[in-house]
Amino acid sequence: MEFLVRTENLLPPDTPDDERARLRAAERERAVQLREAGILKRLWRVPGRNATIGLYEADDPAALHDALTSLPMWKWMDVTVEALATHPQEQKG
């Protein structure tokens, strides 16, 4: 299944710079792992916001949930998930 995942990072503004840097590095490392596992397909930044839009692929919603909750910044994220279905125009005839 494919999912469109919108996230916004709500890390408190008073988070110390060294902790913020550590979390960002850990987040990048985990994203690379998810990409290598074929779960994270594409990732876009949202200009002007601390937000991303990602295309994920997982066996089911529970597997997607496991992937998202494995992100180091998970507890500071506002997440919206949309399951995607193939449009008839995209189906090969």
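Would the range 34-88 count as rounded, prolate or oblate if I go by the C-alpha gyration tensor, calling it rounded below 1.5 in a/c and otherwise prolate when a/b exceeds b/c, oblate otherwise?
Oblate shape, in that a/c is at least 1.5 and b/c is the bigger or equal ratio.
Of P72, P47, P61, which has the largest mean-square fluctuation in a 10 Å C-alpha GNM of the chain?
Of the options given, P47 has the highest mean-square fluctuation.
Return the FRET efficiency for the residue pair D78, L43: r is the Cβ-Cβ distance, R0 is 22 Å, and the value is rounded to the nearest 0.05.
For R0 = 22 Å, the calculated efficiency reads 0.85.
I need the shape label for the range 1-52. Rule: rounded when a/c is under 1.5, else prolate if a/b > b/c, else oblate, with a, b, c from the alpha carbon gyration tensor.
oblate
Please give the net charge around G54, taking every other residue with its beta carbon less than 13 angstrom from that of G54, where Lys and Arg add +1 and Asp and Glu add -1.
Spelling it out: positives minus negatives among the neighbours equals +1.
Could you list which residues have their amide H under 5 Å from that of M77, counting only those 5 or more apart in sequence or on another chain, with H placed in the peptide plane?
L10
Counting only heavy atoms of the protein chains, get the accessible area per residue of the chain (1.4 Å probe) and round it to a whole Å² value.
71 Å²
Please identify the longest segment of the chain free of exposed trypsin sites (Lys or Arg not before Pro), where exposed means a DSSP state other than H, G, I, E or B and no more than 11 other Cβ atoms within 10 Å.
Looking at the chain, 1-48 is the longest stretch - no exposed trypsin sites (Lys or Arg not before Pro) with at most 11 other Cβ atoms within 10 Å.
Roughly what angle does helix 17-36 make with the longest principal axis of the chain, taking Cα atoms, 0 to 90 degrees, to the nearest 10?
Between helix and principal axis, roughly 20 degrees.
Taking a spot 7 Å from the Cα of E2 along the direction of its beta carbon, which residues of the range 78-93 have an amide N less than 18 Å from it?
81-93
Most mobile of L64, L40, L11 per a Gaussian network model of the chain (Cα springs, under 10 Å)?
Of L64, L40, L11, the most mobile in the Gaussian network model is L11.
Remind me, relative contact order of the chain in percent, using alpha carbon pairs under 8 angstrom and six or more residues apart?
Rounded, it is 49 percent for the chain.
Can you list the HN-Hα couplings for the range 4-14, worked out from phi with the Karplus curve (6.51, -1.76, 1.60; θ = phi - 60°), rounded to whole Hz and with x for Gly and Pro?
9, 10, 9, 10, 10, 7, 10, 4, x, x, 8
Just to confirm a number: summing +1 for Lys and Arg and -1 for Asp and Glu over residues other than W74 whose beta-carbon lies under 10 angstrom from that of W74, what do you get?
In short, +1.
Given a 1.4 angstrom probe, I'd like the percentage of the accessible area of the chain that is carbon and sulfur, rounded to a whole number.
In the chain, the share of accessible area belonging to carbon and sulfur is 50 percent.
The values are calculated or read from the model by the stated rules, or taken from the named source; none is laboratory data. Remember, it's a predicted structure, so these values are computed and weren't measured experimentally. When we count neighbours, we look across all protein chains shown, and the Cβ atoms used for this are built from the backbone with ideal geometry, even at glycine. Each accessible area value is taken on the protein alone, full model and side chains, heavy atoms only, with ligands, DNA and RNA left out. Shrake-Rupley method; radii C 1.70, N 1.55, O 1.52, S 1.80 Å.
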